[in-house]
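To keep things clear, I will list the structure first and then write my remarks on it.
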Amino acid sequence: MQKSGSSSSLGPGGLDLTQAFFRQIQRAAPPSPTKRHTKISVVGAGNVGMAIAQTILTQDVVDELVLIDAKADMLRGEMLDLQHAAAFLPRTKIHASVDYEITFGSDLCIVTAGARQVPGESRLNLLQRNVALFRNIIPPLALYSPETILLIVSNPVDVLTYVAWKLSGFPSNRVIGSGTNLDSSRFRFLIADHLDVNAQDVQAYIVGEHGDSSVALWSSISVGGVPVLSFLEKQQIAYEKETLEKIHKEVIDSAYEVISLKGYTSWAIGYSVANLARSILRDQRKVHPVSVVANGFYGIEGGDVFLSLPAQLGRGGVLGVTNVHLTDEEAHRLRDSAKTILEVQNQLGV
């Protein structure tokens, strides 16, 4: 499936209007070979995939966007719908196909395909339904774009990022899970709401599993550069640990609430993943809590496990993991989160 018939050729004879509209200036040099053409492929044109694609388009991140899905008619409809918005968006070539060959030369491949999470279902329960699907997705992406960066969004994201890493044969820095980037955004929103400040002025991380065993790093929260808990202690302002735990529970439950109300989540994850894509392709070297190989960090042992840690992202993928200070309790919870993922991961045989 190719893009719709929009080119410089018009009329029954296929008249090429390019030369008529635009003439070369004298003594012009060819385009610079250093100019980079960026390409993103999104696998899965469901609610999440299309929210990601739409958000990426509005942010002028990419020159070419490819959509992949098994449902040909729906896929072509989504492609045409986006193409028809061209007058309102930054110029981006949009293609769609059921054939993975169209992803050739992608700089970033975003995988959203997977079974939909049902109300009340744990993310980890989705695993067996999605591993088989990944066996048909990851190898073709690696074949047609051997230098790409894989960004996994499908749930359970931590285990499936590990599966993608194994199936692709890529170095670990080029396989990333969306992890707790969105969880941390929800966390920042709730803290900002409690303090009546802008969420962009709040620095706060959720790490570990993107799921029920995630860990809130209360010790490192700051607002406008002021560490919150140490400030309260110095000012002798009392706070209850139960209040902190309640906020963390709201973060964990928020996705389930959205799913129970509208059937799926889409817009927040769309913005979250587009944010990651921008950091990677624009080489912004921003720190995001994303799923990376965590073995060896904060006492995590027992095997190669992917879970979220604050990591610096750039054109090479994961550039490094931030050495965030953790309390003994936070480090213990993080190791427990790793064990939770490893227990499931070790049953896969991947």
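Results, tabulated for the structure shown:
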{"quantity": "Those residues of the stretch 120-178 which are under 18 Å from A255 (Cα atoms), open to solvent by 20 Å² or more (accessible area, probe 1.4 Å) and not in a helix (DSSP H, G or I), in sequence order", "calculated": "G120, E121, S122, N155"}
{"quantity": "Test result for D183, farther than 24 Å from R315 by Cβ and part of a loop (DSSP other than H, G, I, E, B)", "calculated": "no"}
{"quantity": "Wholly within the stretch 271-350, strands (runs of 3 or more DSSP E) carrying at least 3 residues that are in contact (Cβ under 8 Å) with a residue 40 or more places away in the chain, basic (K, R) and open to solvent by 50 Å² or more (accessible area, probe 1.4 Å)", "calculated": "none"}
{"quantity": "Output for the stretch 83-99, where each listed residue is modelled with pLDDT of 95 or more, open to solvent by less than 40 Å² (accessible area, probe 1.4 Å) and of a type outside the set (S, T, N, Q)", "calculated": "I94, H95, A96"}
{"quantity": "The stretch 44-66: number of residues that are under 25 Å from D283 (Cβ atoms) and open to solvent by less than 10 Å² (accessible area, probe 1.4 Å)", "calculated": "11"}
{"quantity": "Which numbered condition I247 fails, given (1) open to solvent by 50 Å² or more (accessible area, probe 1.4 Å); (2) in contact with a Leu (Cβ under 8 Å, 6 or more places away or on another chain); (3) over 29 Å from M50 (Cα atoms)", "calculated": "(1)"}
{"quantity": "Filter result (of a type in the set (S, T, Y), modelled with pLDDT under 75 and within 30 Å of V292 (Cα to Cα)) within the stretch 209-242", "calculated": "S230"}
{"quantity": "In the stretch 169-212, the residues that are small (G, A, S), in contact with a Lys or Arg (Cβ under 8 Å, 6 or more places away or on another chain) and within 17 Å of L309 (Cβ to Cβ)", "calculated": "A204, G208, G211"}
{"quantity": "Residue within the stretch 192-212 that is closer than 12 Å to H248 by Cβ, surrounded by fewer than 19 Cβ atoms within 10 Å (Cβ to Cβ) and in contact (Cβ under 8 Å) with a residue 24 or more places away in the chain present", "calculated": "yes"}
{"quantity": "Pick from the stretch 271-293, criterion in contact with a Ser or Thr (Cβ under 8 Å, 6 or more places away or on another chain) and of a type in the set (G, A, S), ranking: farthest from D63 (Cα to Cα)", "calculated": "S291"}
{"quantity": "Any hit, the stretch 38-58, residues being charged (D, E, K, R), modelled with pLDDT under 95 and outside any helix (DSSP H, G or I)", "calculated": "no"}
{"quantity": "From the options T92, T103, T58, residue that is of a type in the set (S, T, Y) and touching an Asp or Glu at 6+ places or on another chain (Cβ under 9 Å)", "calculated": "T92"}
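The values are calculated or read from the model by the stated rules, or taken from the named source; none is laboratory data. Every value quoted in this text rests on a predicted model; they were computed, and no experiment measured them. Note that each Cβ is placed from the backbone with ideal geometry, even for glycine, and that neighbours are counted across all protein chains shown. Ligands, DNA and RNA are excluded from the accessible area calculation, which covers all protein heavy atoms including side chains. Shrake-Rupley method; radii C 1.70, N 1.55, O 1.52, S 1.80 Å.
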